[in-house]
Structure formats: C-alpha cells, structure tokens
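Please treat every number below as a calculation from the coordinates, not as lab data. A quick note: this is a predicted structure, and the numbers were derived from the prediction, not measured. FYI the Cβ positions are ideal-geometry reconstructions off the backbone, even for glycines, and counts take in every protein chain you see.
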C-alpha cells in the first residue's frame, strides 16, 4: 500500500513554487505602478493616487505570497 503522505509532497512543492511566482509577479507590478505614478507626478505635478494604491496593495500581496512560500515546506 502507498503512504497517503506521499501524495502531499508534490502538491506542497507545486503550491510553494506557485506562491513564489505570484509573489514575484506582484512585486513586479508594484515596481511598474510606482514608476508610472512617479512619471505622472514629474510630468503633470499631480500625484497619481490610483497607481500608488494599486502598487501598495500589490506590494502587500506579493510580500504575503513570498511569506507563504517560505513557510510552506
């Protein structure tokens, strides 16, 4: 008979790598949003709150996804 825990190992590895990919994607989105917000501010003098908020939320979600990947072993 097979051990039921043997099926959990590949799933845990898949979840960990998926969390790493999602976390890195969110942090990349954060960088893009803040770059756009800074460019809008430089060109117009108006602070782009929508881009900054999306960047902030994306940074938090990316950080949480990377924390999940680190804890999921």
**Complete:** Residue hits (the range 41-73; part of a helix (DSSP H, G or I) and surrounded by 16 or more Cβ atoms within 10 Å (Cβ to Cβ)) are 51, 52, 54, 55, 58, 59, 61, 62, 65, 66, 68, 69
**From the options 24, 38, residue that is part of a helix (DSSP H, G or I), surrounded by fewer than 16 Cβ atoms within 10 Å (Cβ to Cβ) and under 8 Å from the mean Cα position of the chain (by Cα)** = 24
**Request:** Considering only the range 7-21, state which residues are surrounded by 14 or more Cβ atoms within 10 Å (Cβ to Cβ) and either touching a strand residue (DSSP E or B) at 6+ places or on another chain (Cβ under 7 Å) or without any contact (Cβ under 8 Å) to a residue 12 or more places away in the chain (or both).
**Result:** 18
